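Colleague: Please find one structure pasted underneath; my questions will follow.
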Amino acid sequence: ASGSAGCNRYQASYSANQGTLTVDPALSTRKCCVEPEGLMDQETHYLAALRTVTAYAVENDQLTLLNGLGQPVARYQTAP
C-alpha cells in the first residue's frame, strides 16, 4: 500500500485474506510541513491508525478499513 499521509509519501506491506487485513508499519519520507497547522499531528495519527487495522470491507466504490472493534479507521473512494 502507498500514498500520501498529508505531507509525506508512505508505503506499507500488508496481507489480506477473506476480509481480514494486517498492515505492517509504514515507511515514509521525512519532510516537515508547517502549514496547515496540525498537519504533522494528523499524519502521525493516520499512520498509527493503519497499524490498528484488522479487517476491511468493500461496498460500491468504497474501501473501509476497520479496527479490532469493527470501527472504521479509514475510508477510501475511487477517483472519478
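Colleague: Is there any pair with a first residue in segment 7-21 that is at positive phi and in contact (Cβ under 8 Å) with a residue 24 or more places away in the chain and a second that is part of a strand (DSSP E or B) and hydrophobic (A, V, I, L, M, F, W, C) whose Cβ atoms are under 6 Å apart and which are 6 or more apart or on different chains, and what are they?
Modeller: Pairs that qualify, where the first residue is at positive phi and in contact (Cβ under 8 Å) with a residue 24 or more places away in the chain and the partner is part of a strand (DSSP E or B) and hydrophobic (A, V, I, L, M, F, W, C), are Gly19/Ala55.
Colleague: Which ones in segment 44-80 are of a type in the set (Gly, Ala, Ser) and either without any contact (Cβ under 8 Å) to a residue 12 or more places away in the chain or not in a helix (DSSP H, G or I) (or both)?
Modeller: Those that are of a type in the set (Gly, Ala, Ser) and either without any contact (Cβ under 8 Å) to a residue 12 or more places away in the chain or not in a helix (DSSP H, G or I) (or both): Ala48, Ala55, Ala57, Gly68, Gly70, Ala74, Ala79.
Colleague: Taking Glu43 as meeting all but one of (1) of a type in the set (D, E, K, R); (2) open to solvent by less than 60 Å² (accessible area, probe 1.4 Å); (3) touching a strand residue (DSSP E or B) at 6+ places or on another chain (Cβ under 7 Å), write down the number of the exception.
Modeller: Among (1) of a type in the set (D, E, K, R); (2) open to solvent by less than 60 Å² (accessible area, probe 1.4 Å); (3) touching a strand residue (DSSP E or B) at 6+ places or on another chain (Cβ under 7 Å), the lone unmet condition for Glu43 is (3).
Colleague: When residues of segment 29-54 are filtered for being within 23 Å of Tyr14 (Cβ to Cβ) and not β-branched (Val, Ile, Thr), how many remain?
Modeller: Count: 10.
Colleague: Here is a follow-up. (1) open to solvent by less than 70 Å² (accessible area, probe 1.4 Å); (2) farther than 17 Å from Val73 by Cβ: which one isn't true of Lys31, the others all being true?
Modeller: (1)
Colleague: Now for a separate question. How many residues are in contact with an Asp or Glu (Cβ under 7 Å, 6 or more places away or on another chain) and open to solvent by less than 80 Å² (accessible area, probe 1.4 Å) if we restrict to segment 9-28?
Modeller: 2
Colleague: Any residue at all in segment 30-43 that's assigned to a strand (DSSP E or B), among the basic types (Lys, Arg) and modelled with pLDDT of 95 or more?
Modeller: no
Colleague: From the residues in segment 8-29 that are closer than 27 Å to Leu69 by Cβ and assigned to a loop (DSSP other than H, G, I, E, B), which one is farthest from the chain's Cα centre (by Cα)?
Modeller: In this case the residue turns out to be Gln18.
The values are calculated or read from the model by the stated rules, or taken from the named source; none is laboratory data. Because the structure is predicted, anything quoted here is derived from the model rather than measured. Cβ coordinates were reconstructed from backbone atoms using ideal geometry, including for glycine residues, and neighbour counts include every protein chain displayed. Ligands, DNA and RNA are stripped out before the accessible areas are found, and what is left, the full protein with its side chains, is counted by its heavy atoms. Shrake-Rupley method; radii C 1.70, N 1.55, O 1.52, S 1.80 Å.
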